[in-house]
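A.B. asks: Below is one structure. I have some questions about it.
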Amino acid sequence: MITTILLSATAEHANLEEICSNFFNNWNNVSTMEFISLIVFFIVACFLLMYSSVRKHIINNLMPYACAIFIAGFILYFIGFNGEGNESNTIALFFRSVTASMEMFVSESELIEVEKGAKESQLYMSFFAVTHFLAICISAAFILHILGIRAISYLKMRLTWRRQKKDLYVFFDLSQESVNLAKDICKSNNEGKGFRIVFVKTPMEDSHLERFSFSHILSFADNRNETIEELMEINALLTYSRKSITIGMDDKEWEETIGLNILRHYIKKYTEDIYFFCLSANEENNINTAVALSKRYSDNERHHIYCHANKDSITDSLASTNLKFIDSSNLAVMELKKKVEYQPVSFVNPDTKTGVATKPFRSMIIGFGETGFEVFRFLYEFSSFVGKESKENPFHCDIIDPKAKQLENSLYLHCPGLEEKVNKDEVHNVLFHEGTIESQRNVVKELVSNVDYIVVCTDNEKENLSIGITLLNLAYKYRSNSDKLAIFIGINDNREYKKAQEIAKFYNKCGRKDKEGNLYEFSLVPFGSKKQLFTYKNIIDEEIHNKAKEFYFEYQKTSNLLDTKEAYKCAENPKKEWEKRREEKKQNVDKGLWNKNELTQKEAQDMANAWHIQTKLYLVGACCYCKDKEYKCVAKERHAQLYGCIDFVMQKLLVRMEKARKCEENFRKSHEFILEQIAAYEHEHNIPAGEYQTLFENLAKCEHLRWDASNRLLGYRTFEKAKGNDKHYLQKTHACMVPYEELLANEVLRDTIKYDYNTILVSIKR
């Protein structure tokens, strides 16, 4: 028995030696050129499959390439099988060739069945080998098409060994918001700075599975057609995590979770800014993930975290330097603020010579949810104008909602100063109507006949479009005049938004004139799509925040001319000046909540001032942002005239302030000095006496009204029985929240008017 085994082993060893000998003999026969060509071909093939654009091209043309290779394989096997008993049976030869060609794509070969003459042909065997290799490549490309983004992502993240001087954008979970933002990041990267986008797919909210199962495949397949394709288009990486990031998650838990562990190592390779985004539909998960990331990377200024959640007292308390909250309702209203033609100033027929509104602002809001409330805040603040006879211009707003009474109580609970204003002042008329447009049909009929501005923002987006069209038809039916009317339709979903745009185009082009030729200025305006909101400028670049920082910087420099004995030393740039104020408020821990409320109020005013520049310029006929070409030509000339006056005043202020400092005295009554210099400018440039004085005084009143409205929306009230310019940031009271005439009558408060003039100076100067 042992002898047999030994003999058998010896024979096998001899066979192995023979096989190895034949292999190396054959290998020696391979020319250097063939060897080099083989290596180059392999490297190029791998590179092409890894290269995103080529991979996309192959995947997009997968079927034509597969058919071409199949035909090539069929021809090769048809030639190779001819002569092995198939010469006389064409049908058998055909089907054998078809079968063998199909097997190429699963890495099978029928070379053993090919006739000897074909095998001995170098040309035939070269084509044979290349065709089989290409078939395997096509199969590999198909597999990559199905699961490839995960495989490619894993390899790229694992094989990255050197430092990356790029920005890294990390998105947690897949959502329409995150994909929209990622795509816009790619479009906005115009500076040539490198970047990388990574998505981390976390477990579903209702999934408690710890093991990989068939549900994961189904979940993946559901997202495959749209989301995954979009990720591949922008060359994003995708990793999966079995666990969601939670508060208190330590390094061990990160290491135990494969997707997060890879991400952790990958993050360390990047030396530039790293941005984390929590933009899923689950607000609670977003907050938990964002706070956990904030704690983990709190000591690094390079890390920025953005969380999609409603802004409220909870998120305000969690916000920090590197953690910012994104409110989609706020972003939607920002789209209205950006265009002056969508602002209330475009609906009050301003007298540009005096800077006053000549007609009341009338509005209606259908649906008073989160977006509806933000719309109201915007309309109330931005419709603060000086009207006829230098009185406050009337504001009317009717709100229709099934929970109107409850929402009214909630509004006044958080904004007692607003209730105070509405109850005392007949100029402000805010009415809540409980129900729908159908149940409140009589109210709706009456309103559409005279309102200027309608916003439809219920929770049902399809219903919003239908309501908007209904209101437009009612306006044509019951409106006795053709005054400007805009109906804004809130639509968040990208697909529904596109449909709404097409419908709006139809209605806005058709039926604009009656049979007498009268032009109706009625329009439907969809707004608030995720594609519009989640952009690089809105989220990362923080366009409005940068404007606010610039405004505050210029404001500080100008206030320096109006305020103190000693010159205020501004920081080098707007960002540093902004952060300087923040750091000053953080120093006194005992006044933490006081300082927080004060900072919130002041930053909110800076933001509002930045937005309100267009309104102020439109009031005086100097807004170059307007789309009307005829208006823009006049606006440029008007702005140049006013800028000349402002520049003159600023120079005089500078001289006066230097004299005040030398005398060690405060520069009081600075607004009166400004008016004096405006009068001097009028005289010097042959402008009718008092024209510019009246204009700037009305603008200062308008600014005070806007400031007062903004504070009331922030929850502030009038400081009763104040001794001077008193303010209390815990009780949220302010002595200056009184009519402009009371400021003038009070010797102490009168001096605060200089800040209104300062805002005007800076706004026109910019």
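The values are calculated or read from the model by the stated rules, or taken from the named source; none is laboratory data. The model shown is predicted, which means the values in this text are computed figures rather than measured ones. Cβ sites come from the backbone with ideal geometry, for glycine too, and all protein chains shown count toward neighbours.
A.B. asks: Give segment 321-346 a look and list any residue that's under 24 Å from GLU284 (Cα atoms) and among the polar types (S, T, N, Q), or say none.
C.D. replies: Once the filter is applied, which keeps residues that are under 24 Å from GLU284 (Cα atoms) and among the polar types (S, T, N, Q), segment 321-346 yields THR321, ASN322, SER328, SER329, ASN330.
A.B. asks: Still on this structure, please answer the following. Filter segment 388-426 down to the residues that are free of Cβ contacts under 8 Å to residues at least 40 places away in the same chain and assigned to a loop (DSSP other than H, G, I, E, B), then identify the one that is surrounded by the most Cβ atoms within 10 Å (Cβ to Cβ).
C.D. replies: Among them, the one singled out is PRO394.
A.B. asks: Additional query: Given (1) among the basic types (Lys, Arg); (2) farther than 29 Å from ASN409 by Cα; (3) at pLDDT 95 or above, identify the lone condition not met by LYS359.
C.D. replies: Of the numbered conditions (1) among the basic types (Lys, Arg); (2) farther than 29 Å from ASN409 by Cα; (3) at pLDDT 95 or above, the odd one out for LYS359 is (3).
A.B. asks: If you check LEU619, LEU642, LEU675, which single one turns out to be touching a Pro at 6+ places or on another chain (Cβ under 6 Å), at pLDDT 85 or above, aliphatic (A, V, I, L, M) and on the phi < 0 side of the Ramachandran plot? Full working, then the answer.
C.D. replies: Values: LEU642 fails: touching a Pro at 6+ places or on another chain (Cβ under 6 Å); LEU675 fails: touching a Pro at 6+ places or on another chain (Cβ under 6 Å).
The unique qualifying residue is LEU619.
A.B. asks: Of all residues in segment 325-343, which are assigned to a loop (DSSP other than H, G, I, E, B) and over 12 Å from the mean Cα position of the chain (by Cα)? First the steps, then the outcome.
C.D. replies: The initial filter retains those residues of segment 325-343 that are assigned to a loop (DSSP other than H, G, I, E, B), namely 327, 339, 343.
If the condition is that a residue be assigned to a loop (DSSP other than H, G, I, E, B) and over 12 Å from the mean Cα position of the chain (by Cα), then LYS339, GLN343 are the ones that fit.
A.B. asks: So for segment 534-543 (the condition being farther than 30 Å from ALA604 by Cβ and among the aliphatic types (A, V, I, L, M)), does at least one residue qualify? Please lay out each step first, then the result.
C.D. replies: Here is the first cut: in segment 534-543, the residues farther than 30 Å from ALA604 by Cβ are none.
No.
A.B. asks: Specify the residue that is surrounded by the most Cβ atoms within 10 Å (Cβ to Cβ); the eligible residues are those in segment 341-370 that are within 19 Å of LEU471 (Cα to Cα) and among the β-branched types (Val, Ile, Thr).
C.D. replies: So, considering only residues that are within 19 Å of LEU471 (Cα to Cα) and among the β-branched types (Val, Ile, Thr), the one surrounded by the most Cβ atoms within 10 Å (Cβ to Cβ) is ILE366.
A.B. asks: What pairs come out if I take residues in segment 507-531 that are in the same structural domain as CYS457 (by TED's automatic domain parsing) and pair them with residues that are among the basic types (Lys, Arg) and modelled with pLDDT of 75 or more whose C-beta lies under 6 Å away, six or more apart or interchain?
C.D. replies: GLU521/LYS484
A.B. asks: While we're here: When residues of segment 455-501 are filtered for being basic (Lys, Arg) and outside any helix (DSSP H, G or I), how many remain?
C.D. replies: The initial filter retains those residues of segment 455-501 that are basic (Lys, Arg), namely 462, 477, 479, 484, 495, 498-499.
Narrowing the set further to residues that are outside any helix (DSSP H, G or I) leaves 479, 484.
Total meeting the criteria: 2.
A.B. asks: Check GLU229, GLU272 and return the single one that is at pLDDT 80 or above, within 24 Å of the chain's Cα centre (by Cα) and surrounded by fewer than 20 Cβ atoms within 10 Å (Cβ to Cβ). Full working, then the answer.
C.D. replies: Details: GLU229 fails: at pLDDT 80 or above.
Exactly one of GLU229, GLU272 is at pLDDT 80 or above, within 24 Å of the chain's Cα centre (by Cα) and surrounded by fewer than 20 Cβ atoms within 10 Å (Cβ to Cβ), namely GLU272.
A.B. asks: Further question: Kindly check whether there is at least one residue in segment 279-296 that is exposed (fewer than 15 other Cβ atoms within 10 Å of the Cβ) and farther than 26 Å from TYR169 by Cβ.
C.D. replies: no
A.B. asks: So, one more: In segment 614-655, what residues are touching a residue at least 60 places away in the same chain (Cβ under 8 Å), in a loop (DSSP other than H, G, I, E, B) and hydrophobic (A, V, I, L, M, F, W, C)?
C.D. replies: VAL620, ALA622, CYS623, CYS626
A.B. asks: Right, something else. Only one of these conditions is not met by GLU463: (1) crowded, with 19+ Cβ neighbours inside 10 Å; (2) of a type in the set (Asp, Glu); (3) over 23 Å from LEU714 (Cβ atoms). Which number is it?
C.D. replies: GLU463 satisfies every listed condition except (1).
A.B. asks: With respect to LEU744, determine if the residue is assigned to a helix (DSSP H, G or I), out of contact with any Gly (no Cβ under 6 Å at 6 or more places or on another chain) and at pLDDT 85 or above. It would help to see each step written out before you state the result.
C.D. replies: Details: assigned to a helix (DSSP H, G or I): yes; out of contact with any Gly (no Cβ under 6 Å at 6 or more places or on another chain): yes; at pLDDT 85 or above: yes.
Yes.
A.B. asks: Which is more than 30 Å from ARG638 (Cα to Cα), over 34 Å from the mean Cα position of the chain (by Cα), of a type in the set (Lys, Arg) and modelled with pLDDT under 85, of LYS721, LYS754? Before the answer, list the steps.
C.D. replies: Working: LYS754 fails: more than 30 Å from ARG638 (Cα to Cα).
Answer to the check: LYS721.
A.B. asks: Do you know which of the residues in segment 685-734 that are without any contact (Cβ under 8 Å) to a residue 40 or more places away in the chain and buried (at least 22 other Cβ atoms within 10 Å of the Cβ) is farthest from PHE378 (Cα to Cα)?
C.D. replies: Start the filter on segment 685-734 by keeping residues that are without any contact (Cβ under 8 Å) to a residue 40 or more places away in the chain, which leaves 686-690, 693, 697, 719-728, 731, 733-734.
After this cut, where a residue has to be buried (at least 22 other Cβ atoms within 10 Å of the Cβ) as well, the list is 697, 734.
Details: GLU697: 24, HIS734: 21 Å.
Only one residue fits best here, namely GLU697.
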